Structure formats: C-alpha cells, structure tokens
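Below: one structure, written as structure tokens.
What follows draws every value from the coordinates through simple rules; no lab data is involved. Fair warning: this is a prediction, and the values are worked out from it, not measured in the lab. Using ideal geometry, Cβ is built from the backbone for each residue, glycine included, and neighbour counts are taken over all protein chains shown.
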Amino acid sequence: MYTNPMIDLNFLKNKKVAVLGLAKSGLAACRALSESSVNYVAWDDSEEKRKTCAADGIRIAKDMGDFLSNTDLVVLSPGIPHTLPKPHPFIASTKTKNIDIKSDISLFRHALPDAEIVSVTGTNGKSTTTTLMGHVLSKKLNTQIGGNIGIPALSLNGAKDVTVFEMSSYQTELTGDLNAHGVIWLNISPDHIDRHGSMEGYVEAKKRIFERNAGHGLAVIGVDDLYSKSVADEITARPDWTVITVSVERMLDKGISVIDGQLYVDGEHQIDVSKLPTLKGVHNHQNAACVYGIARNLYDFSNEDILAQLMSFDGLAHRQFVIGKRDNVTFINDSKATNFEATAKALSSFKNIFLIAGGQAKEGGLSGIEDYRDRIAKIYLIGEAENAFADFLDNKDFDYVRCGTLDKAARVAFADAKSSKTPATILLSPACASWDQYNSFEHRGAHFEEIVASL
C-alpha cells in the first residue's frame, strides 16, 4: 500500500514533456507534472482555452516549434487523433522526431508499477460496470474509479488498494503497458470507425487492454457477440491470462451465465439478480455478472457480500436513471444512450414507453427499433435528427410527433402518458449524440431532470 496519495511523476524529472489537449485529463497531467517538478509545456487548439489555462498557471507553448523543441514525450488527450482519420499536426510532426506518445493512464501505471488495477472496456455499459465494480469492491477494499468515466487518472490517489479504470478505445490504443490485474470486456459493436478505420481496427485498439509486461491476469469476457467470442478464444490461448466467459443469452457449461435473472457458474446456481433495484434489464445483468467474476475470483468475495453490494448500488446518472414518478408515469433519464444499441437496452427493460429520441445522429440511426414496437406507445423527436428519424419511422408504423426541443417533447409526452390506462414510462433515450443542442450527454440529461421537476 502507498503512503503518498499524490501521483508522483518524478520518473520524468530529466525529460521534457508536452501535454496535448487541455480538457480534464490534460489539465490533470499538467498539475501532476508541475507538482512533480517536471519540465513541461502544454497546448490546446482553442485559443480561448490556452489563455484561460495560462492565467491559471499552466505553461502554454508559444507555437508548434516550442511545443516539440527537445521534447521526449507527448501526453495525448484521448479525444485527439494520432492516426485516423487524420493525425493532429503536432502528432504528425512527432513521427520525424522520435518522440514517444503516452496516455495519462500509462503514466499512472509507470508512476505506480505495483498498483492493483482493474480495467473495464466494451462498446456499451462501461461506465455502469466501472462504477458498480468500484462499489462492490469498496465492501472490503479502499477503492477508486477513474479514466473514461470523467475522472482523470492523474487526479487519483496513489494510496488506494484498487483502482478501477473505464477505458475507451481511444485510451486502450495508447496504453499497451497497462499491466492490469483484472480486465472486464463487456461487448463489441460498431463504434468510432472513423477513428480506427474499420471494425477490425476498433477491436485491435480495444485488445491492447490485454497487453501485460509482467505477471498474470484475470479476464472476464462477455461472449454474446461474435467479435467478443473471438477475443475470448484468443486471450484464452495466452499463458498470461485466465479467462472467465460470460453470457446472458445461453447457459455456459464453463463460465458465468445469467438466465431469467438467475446467475450460474459452470451451470450451478449462485445468486438471484432479478430484483436488483437499479440494475434492470439483461444488459445490466451482464454488467453485474462481469463484476461478480472479478470480485469472486480475483478478490475472493462471498456470494453474500457481492449480492449485498449489488442490491445497494444507487445506479448511475444519465443511464436508465429513475428520476421519479408523477401520477401513473415514471420518468427515466437515459441520456447516455448515444447510439441505438444503447437505446435498445433501455427499450427491452420497460413497457408502455413514451420515447424521446433525437439529437446528432450516428450511423444506423433508429435501425432495429421495429423489434420493440410492442413496448413503445409513442415517439417524440428532437434535435438535428428529427427529420431523418421521422422519414424512417414513416415506413415503420410508429406513432410519433416532431417536437424539436427536449422541453416540448417532455411536456407533450407527459400529457399523453398521463392519459394512459396502464402505468407508463417517459424514457429519454436519444440514440444520438448531444452536440447539436447540448454541451454533453450530461448537460442534456440534467436539463431533462430540470424539466421533469417543473412539470
């Protein structure tokens, strides 16, 4: 166990470091470098951001030449491309200068080579699973979470027993030295293809989470999609990993299965997850099963302790979060559902749904929504995707209305839902990014909760 809570980057004290991107992770990197007395400069493409950070004491480079002058290492913020679709100009210049590129999570690992790390990746469910993993382990261990969930690695505490990292493909592709003790791989579906070039490129970027430079690890891998099944087979063949497979679609002879809300290991019943208050739906049962696999097998938690922690989990904001109930209507904030696959998981969890959808559309749009026709009473369209979604629904026999804004959609939906003869659910699950009308999915979800409070 560590006694010093600061992430000390003194191993870089003889290096010149450049930090590219000054969002949360970049700013945390700058502060950690400064506190460790490391020579660094920083850059952000936003002139306003550079001015603000300079006023706060961040050392801003004068230009590209200054940024790359005598630089040994670039700490790259995850959202900045370094290969596809086109590398950032600063990154393109590093290729001729033999400059190393690292993520902030990689620096965390180098600073704390013995730290216990559990990492979580997948296309959908990462944030819920990361938070749930941290909550379950906190029963016995001093635990923290960070990474893609919005808590920068270099802002964390070096003295914790276990660190749980949520990792996007943008982070895994730059963190081949993670050396995690435990990995959760949830699922894979098409996402970030522009960044990785193809599904194969996307999967390869994700697979770097399994790269180890020492020791032996436990991998818990969902196998209900073909890409993940292939990854499980590949990692099983490696001597540095023990693999536990997870399915919520079929009973596994060897591995963890959840069938009708009952969790089995190697075909033998263990716990009932059907009544978890904040983990409704088959997708959440998969999340719980993966957490179970790590807690039971890596940290020797009992079934009773795991179930108690699953039952006490408060849920995650903006992810099928129950805002409250008014009359016969329950309001659900699922703003984090930025693609239809995520929305489909919410649709499978509720009935008599008055669905609010729309925003900045992603590839595939609402394709597949017809599978949930019996669950959807009416659809309320908002944002940039409104017209395209309306054209799509015209051929799918859905009752819908164009609302434009979230405020109008929520109010019209509430008026309709109140008149329903059975309990109704107003579900904000946009199947779209938020950038057309909001700063983030969190901003969109918070606005929805404000609207609901005013009804």
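Using C-alpha pairs below 8 Å separated by at least 6 residues, the relative contact order for the range 150-277 is 17 percent. With a simple spin-label model that places each label point 7 Å from the Cα along the Cα-to-Cβ direction, the separation between Asp253 and Ser420 comes to 4.4 nm.
Among all stretches of the chain without exposed GluC sites (Glu not before Pro) (DSSP loop, at most 16 other Cβ atoms within 10 Å), which one is longest? All intermediate terms of the calculation are to be shown ahead of the outcome.
Numbers: sites that count: Glu211, Glu249, Glu363, Glu384.
That gives 1-210 as the longest site-free run.
For a label point 7 angstrom out from the Cα of Ser34 toward its Cβ, which stretches of the range 60-98 have the backbone nitrogen within less than 11 Å? Only 60 pass the distance filter.
Looking at the range 15-77, which trypsin sites (Lys or Arg not before Pro) are DSSP coil and have at most 12 other C-beta atoms within 10 Å of their C-beta?
Numbers: sites: Lys15, Lys16, Lys24, Arg31, Lys49, Arg50, Lys51, Arg59, Lys62; in loops: Lys15, Arg59, Lys62.
Those satisfying the criteria are Lys62.
The slack between Arg373 and Glu304, meaning 0.36 nm per residue of separation minus the straight C-alpha distance, is 21.0 nm. Amide H to amide H, with H built 1.01 Å from N, Val246 comes under 5 Å of Ile221, Gly222, Val223, Ile256, counting only residues 5 or more places away or on other chains. For the range 51-68, backbone nitrogen atoms closer than 16 Å to the point 7 Å from Lys16 Cα along Cα-to-C-beta are found at 59-68. At an R0 of 30 angstrom, the distance between the Cβ atoms of Asp327 and Asp436 translates into a FRET efficiency of 0.45.
Rounded to 0.05, the FRET efficiency of the Asp272 and Lys139 pair, given R0 = 30 Å and the Cβ-Cβ distance, is 0.95.
Taking 0.36 nm per residue of sequence separation and removing the Cα-Cα distance, the Arg59/Leu84 pair yields an extension gain of 6.2 nm. Dipole magnitude for the range 309-349: computed about the Cα centre from +1 point charges on Lys and Arg Cβ and -1 point charges on Asp and Glu Cβ, it is near 40 debye. Put simply, the amide H of Arg326, placed in the peptide plane, has neighbours under 5 Å in Phe331, leaving out anything fewer than 5 places away on its chain. Checked against a 31 Å cut-off, the cross-linked pairs Lys15/Lys139; Lys62/Lys207; Lys280/Lys408 give Cα-Cα distances beyond that limit for Lys15/Lys139; Lys62/Lys207.
Trypsin sites (Lys or Arg not before Pro) within the range 171-274: which are DSSP loop residues with at most 12 other Cβ atoms inside 10 Å? Mind dumping the intermediate values first?
Numbers: sites: Arg195, Lys206, Lys207, Arg208, Arg212, Lys229, Arg250, Lys254; in loops: Arg212, Arg250, Lys254.
Loop-located and lightly packed - Arg250, Lys254.
Taking label positions 7 Å along the Cα-Cβ direction at both Thr236 and Arg402, the computed distance is 5.2 nm, reported to one decimal.
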